[in-house]
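Novice: Take a look at this one; I'll ask things after.
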Amino acid sequence: MGHVVQHVYNKIKKGEEAVSTFSELLRRHCLRTIPRIICQCCNNFNVKLDSKDVEILRILQKNCRLSAKEIAEKIKSPISTVYAKIRRMEKLKVILGYRAILNAKELGRGTTAFILASVAYRVPGSKEPLSQVEIAEKIALFPEVQEVHIISGNWDLLIKVKAKDVDEVGEFVVDKLRKVEGIEKTLTCMVFKTAKETTEIPIFRERGA
């Protein structure tokens with residue numbers, strides 16, 4: 001931020017800005033500068049991807065069963081280029097795998113719950129504090145669990161569960177989750193209706209790519 005202040009000060013000395021106060025000039029300059037910085041950050045990847053890579057990823061997220069030939073036709077590139085780009089992104093672990101998306105309701109697992117859990121890091125009889133990561137990994141082994149996240153705030157873990165019905169969610173919480181060493185208390189949030197549930201990652205193309 002120091003370079004912004006210096007830039008504003010230089011403008012005042014040169015008389016390039018007709019603004020009565022330094023603070024107002026600084027505010028105006030920041031409003032012009034910060035959006036550009038945010039835009040640049042949003043368009044940066046951890047790996048180098050060009051516009052064709054991004055197009056391929058968007059297509060595969062919609063339908064990963066398409067052949068290299070079909071993708072090549074959509075993005076107007078040679079099949080060999082598409083094949084090479086996909087293999088490269090697999091090696092870079094940009095693409096982690098290809099999976100079928102199942103209909104949980106039709107398979108009798110249409111009830112979703114998000115469970116907040118707090119962790120007691122010290123339990124009676126234990127000399128060493130419990131590991132939050134190890135507790136999360138134990139919970140992740142339960143077949144009902146789809147996601148486990150270590151989070152900030154008043155709770156330590158956020159757990160997503162798919163079950164047959166509310167009773168099964170209750171059985172999971174009482175008979176499994178609360179028996180995990182270190183779990184202190186839980187709060188279960190039942191999902192009434194899902195407006196969006198996706199595995200797609202929003203991808204922004206790099207500027208100039």
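Just so you know, all these numbers are worked out from the coordinates, no wet-lab data involved. In this text, all values refer to a predicted model and were calculated from it rather than measured experimentally. Here the Cβ positions follow ideal geometry from the backbone for every residue, glycine too, while neighbour counts run over all protein chains shown.
Novice: Need one number: nm distance between label points at TYR83 and VAL191, each 7 Å from Cα along Cα→Cβ, rounded to one decimal.
Specialist: If labels sit at TYR83 and VAL191, their model points lie 3.9 nm apart.
Novice: Roughly what % of Cα-Cα distances in the stretch 51-91 sit above 17 Å, to the whole percent?
Specialist: 12 percent
Novice: What dipole magnitude, in Debye to the nearest 20, does the stretch 111-190 give about its Cα centre under +1 on Lys/Arg Cβ and -1 on Asp/Glu Cβ?
Specialist: 160 debye
Novice: PRE reach from LEU60 (point 7 Å along Cα→Cβ): which of the stretch 84-123 fall under 16 Å by backbone N?
Specialist: Flagged as within label range: 84-101.
Novice: Let me ask another. More than 19 Å apart: what percent of Cα pairs in the stretch 79-127 qualify?
Specialist: Tail fraction, whole percent: 67.
Novice: Beyond a 21 Å Cα-Cα separation, which of these cross-linked pairs lie in this structure: LYS138/LYS196; LYS160/LYS193; LYS105/LYS193?
Specialist: LYS138/LYS196
Novice: Using a Cα-Cα cut-off of under 24 Å, which lysines could be cross-linked to LYS69, ignoring same-chain neighbours fewer than 8 residues away?
Specialist: In chain and number order, the partners are LYS48, LYS52, LYS85, LYS91, LYS93.
Novice: Taking each pair of distinct Cα atoms in the stretch 71-157 once, what is the resulting Kirkwood hydrodynamic radius in Å?
Specialist: For the stretch 71-157, inverting the mean 1/r across all distinct Cα pairs yields 17.6 Å.
Novice: With just the Cα atoms of the stretch 111-190, tell me how far they stretch along each of the three principal axes, in Å, largest first.
Specialist: Result for the stretch 111-190: principal-axis Cα extents of 40, 24, 19 Å.
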